[in-house]
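The values are calculated or read from the model by the stated rules, or taken from the named source; none is laboratory data. A quick note: this is a predicted structure, and the numbers were derived from the prediction, not measured. Note that each Cβ is placed from the backbone with ideal geometry, even for glycine, and that neighbours are counted across all protein chains shown.
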């Protein structure tokens, strides 16, 4: 004997047809859109902030080595200096390459 279902219960073989989350792909799309919307709403205030210039002069704009461009002497400097109390060899080399207008090989390989 089958038990009587209450009106809020559904039989196991019944599936909601007009539900917002009827299919898994629809549910995933809605959840992704909700996540993106919430993230944009939360971080939207960051668009109102101005540029913060804490250490750009030390690392880039007033750094005579970076402004000199990509040379053997600046490469040696980048790998041996502790300017600004940091060893930032890879970062300094990317700044040197940018100052010398060297094409960005990594982005070119993946086809930006």
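A few notes on this one:
- Of all residues making up segment 42-71, the number that are surrounded by 10 or more Cβ atoms within 10 Å (Cβ to Cβ) and out of contact with any helix residue (DSSP H, G or I) (no Cβ under 9 Å at 6 or more places or on another chain): 2
- Residues in segment 59-71 that are more than 25 Å from the chain's Cα centre (by Cα), in a helix (DSSP H, G or I) and more than 15 Å from residue 90 (Cα to Cα): 64, 67, 68.
- Residue within segment 48-58 that is part of a helix (DSSP H, G or I) and at pLDDT 85 or above present: no
- When residue 39 is tested against the conditions (1) surrounded by 10 or more Cβ atoms within 10 Å (Cβ to Cβ); (2) modelled with pLDDT under 85; (3) under 30 Å from residue 94 (Cβ atoms), the lone failure is (2).
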